[in-house]
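Notes follow the structure.
The values are calculated or read from the model by the stated rules, or taken from the named source; none is laboratory data. From a predicted model like this one, the values you see are computed outputs, not experimental measurements. Neighbour counts run over all protein chains shown; Cβ positions are idealised from the backbone, glycine included. The accessibility values were calculated without ligands, DNA or RNA, using every heavy atom of the protein model including side chains. Shrake-Rupley method; radii C 1.70, N 1.55, O 1.52, S 1.80 Å.
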Amino acid sequence: MSNFNAGSSLKSAAIGKFLVRLLWVLIGIGVISTFFSLLAVIAQPIYQIFASIDGLISIVSLLIGVISIIIFLVWLHRIHADLKNLFQEYPITPGGAIARFMIPIYSLWGISHTLSTFAEKFQAEGGDLTSLSERVRSLIAPLYCFMIGSRALNRIVFEASKNPGDKFLPVWFLVSCFVDLGFTVVLLQLTKTMGTAVTQKAKRNII
């Protein structure tokens, strides 16, 4: 029997809602940054008028991005603590989930393993939980594509920015904005889907 009961509360629920709000804010900022990057490519003189605003938005985006990563890791830890309560034998510990996401090289396997394990556990639950598990599984490939793409493009942008005269720099910035935006959207969908699955599983256990 699961040791999750009506007197318990999901440790990940509150921080999950906060994380979703943060990611929505990050998406909003990402859309604005993408617009300015597009302006820099197709209308440089007009962009110069807003360049200082774009710079400020970039700083705010970086700050919120760092906060979002920290909150995501806290949420990841807490949702795996919930999973340990919801399932009699959940194979990944909260600390193990953090390690799978954070340790370089190891994370290339670890992220997929963590999400696949989550999907497999909920796959057998039936009904909406099976649908949610399939959605989590379908987000794994896009997550990897955007994550790897974002890192590669950020490296390209960093190298290109060393040469301010590089005429392709605005284009690289624009592509980087699109990829970063896609990554945030996928992360948002993943957070919402996993949170919903855990909440529904908890309700089933109570009933």
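Take the residues of region 135-163 that are at pLDDT below 95 and over 21 Å from Phe178 (Cα atoms): which is nearest to the chain's Cα centre (by Cα)?
In this case the residue turns out to be Lys162.
Give me the residue from region 77-120 that is assigned to a helix (DSSP H, G or I), charged (D, E, K, R) and out of contact with any Phe, Trp or Tyr (no Cβ under 6 Å at 6 or more places or on another chain) and, out of that set, nearest to Val198 (Cα to Cα).
Narrowing region 77-120 to residues assigned to a helix (DSSP H, G or I): 77-86, 94-102, 106-120.
From what is left, the residues that are charged (D, E, K, R) are 78, 82, 84, 100, 120.
With the extra rule that they be out of contact with any Phe, Trp or Tyr (no Cβ under 6 Å at 6 or more places or on another chain), the set shrinks to 78, 82, 100, 120.
Values: Arg78: 11, Asp82: 8, Arg100: 20, Glu120: 13 Å.
Looking at the filtered set, the residue picked out is Asp82.
Listed residues Leu115, Leu132; which is more than 15 Å from the chain's Cα centre (by Cα), closer than 28 Å to Ala202 by Cα and touching a residue at least 60 places away in the same chain (Cβ under 8 Å)? Can you show your working first?
Numbers: Leu115 fails: more than 15 Å from the chain's Cα centre (by Cα).
On inspection, the qualifying residue turns out to be Leu132.
List the number of the failed condition for Phe4; all other conditions in (1) at pLDDT 90 or above; (2) open to solvent by less than 30 Å² (accessible area, probe 1.4 Å) hold.
Every listed condition holds for Phe4 apart from (1).
Conditions tested, residue by residue: (1) closer than 27 Å to Glu120 by Cβ; (2) outside any helix (DSSP H, G or I); (3) in contact with a Phe, Trp or Tyr (Cβ under 6 Å, 6 or more places away or on another chain).
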position: Ser131; (1), (2), (3): yes, no, no
position: Glu134; (1), (2), (3): yes, no, no
position: Cys145; (1), (2), (3): yes, no, no
position: Asn154; (1), (2), (3): no, no, no
position: Gly165; (1), (2), (3): no, yes, no
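How many residues does region 175-207 hold that are open to solvent by less than 20 Å² (accessible area, probe 1.4 Å) and either hydrophobic (A, V, I, L, M, F, W, C) or not in a helix (DSSP H, G or I) (or both)?
So the answer is 7.
Restricting attention to region 7-16, and to residues there that are surrounded by fewer than 14 Cβ atoms within 10 Å (Cβ to Cβ) and at pLDDT 50 or above, which single residue is nearest to Asn205 (Cα to Cα)? Break it down into steps so the answer makes sense when it comes.
Taking region 7-16 and keeping what is surrounded by fewer than 14 Cβ atoms within 10 Å (Cβ to Cβ), we get 7, 9, 14.
Of the ones still in play, those that are also at pLDDT 50 or above are 9, 14.
Working: Ser9: 12, Ala14: 19 Å.
Per the criteria, the residue is Ser9.
Restricting to region 36-55, count the residues that are surrounded by 16 or more Cβ atoms within 10 Å (Cβ to Cβ) and either within 17 Å of Val185 (Cβ to Cβ) or of a type in the set (Gly, Ala, Ser) (or both).
The total comes to 2.
For Thr93, are the conditions met, namely being under 22 Å from Leu22 (Cα atoms) and either of a type outside the set (Gly, Ala, Ser) or crowded, with 18+ Cβ neighbours inside 10 Å (or both)? Please lay out each step first, then the result.
Working: under 22 Å from Leu22 (Cα atoms): no; either of a type outside the set (Gly, Ala, Ser) or crowded, with 18+ Cβ neighbours inside 10 Å (or both): yes.
No: the conditions fail for Thr93.
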